[in-house]
Amino acid sequence: QVQLVESGGGLVQAGGSLRLSCAASGSIFSINTMGWYRQAPGNQRELVAKITGGGNTVYADSVKGRFTISRENAKNPLYLQMNNLKPEDTAVYYCYAITFQKFWGQGTQVTVSS
């Protein structure tokens, strides 16, 4: 089992920055890929960014050049640096981790005002 706890969300004006953190505990040695999804009201959950066990990264087109995913050491903690935020980035952001199954955090709210 893996437990994930996100932090760092909040309210920011358009053009501002936030850094989300995801702290993993439990069987973290078995984690392969980690990443972030987000879900805005009325929308499906969408992938924002992910980082594989080998360090390869993938970003949604909508955040390329503005968001950066990273991790402090092999797997923990996971970060999402979000710059030049836009109102359309407003959503609940969820951290996830994949071992033999997918684990989710509880989510953290990001609100970007125009």
*Among (1) open to solvent by less than 70 Å² (accessible area, probe 1.4 Å); (2) under 26 Å from Ser30 (Cβ atoms), which single condition is Leu85 missing?*
(2)
*When you go through (1) free of Cβ contacts under 8 Å to residues at least 24 places away in the same chain; (2) at positive phi one by one for Gln44, which number turns out not to apply?*
(2)
*Go through Val63, Val12 for me and flag whichever is in a strand (DSSP E or B), of a type outside the set (S, T, N, Q) and either open to solvent by less than 50 Å² (accessible area, probe 1.4 Å) or closer than 19 Å to Gln101 by Cα (or both).*
Val12
*Name the residues in region 30-42 that are open to solvent by less than 50 Å² (accessible area, probe 1.4 Å), closer than 14 Å to Arg71 by Cα and not in a strand (DSSP E or B), would you?*
Ile31, Thr33
*Which numbered condition trips up Thr90, out of (1) closer than 14 Å to Thr33 by Cβ; (2) among the polar types (S, T, N, Q); (3) open to solvent by less than 40 Å² (accessible area, probe 1.4 Å)?*
(1)
*Considering every residue within region 67-76, establish whether at least one is in contact with a helix residue (DSSP H, G or I) (Cβ under 9 Å, 6 or more places away or on another chain), at pLDDT below 95 and open to solvent by less than 60 Å² (accessible area, probe 1.4 Å).*
yes
*asked:* Here is a check on your reading of the model: is Ser27 in contact with a Ser or Thr (Cβ under 8 Å, 6 or more places away or on another chain), of a type outside the set (Phe, Trp, Tyr) and surrounded by 14 or more Cβ atoms within 10 Å (Cβ to Cβ)?
replied: yes
*Determine if region 11-24 includes at least one residue that is over 11 Å from the mean Cα position of the chain (by Cα) and free of Cβ contacts under 8 Å to residues at least 40 places away in the same chain.*
no
_Extreme residue, modelled with the lowest pLDDT, among residues of region 84-114 that are farther than 26 Å from Gly53 by Cβ, outside any strand (DSSP E or B) and not basic (Lys, Arg)_ = Ser114
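The values are calculated or read from the model by the stated rules, or taken from the named source; none is laboratory data. The structure presented is a predicted model; accordingly, all values stated were derived computationally and were not measured. Note: ideal-geometry Cβ built from the backbone for every residue, glycine included; neighbour counts use all protein chains shown. We work out accessible area using only protein heavy atoms, side chains counted, and drop any ligands, DNA or RNA first. Shrake-Rupley method; radii C 1.70, N 1.55, O 1.52, S 1.80 Å.
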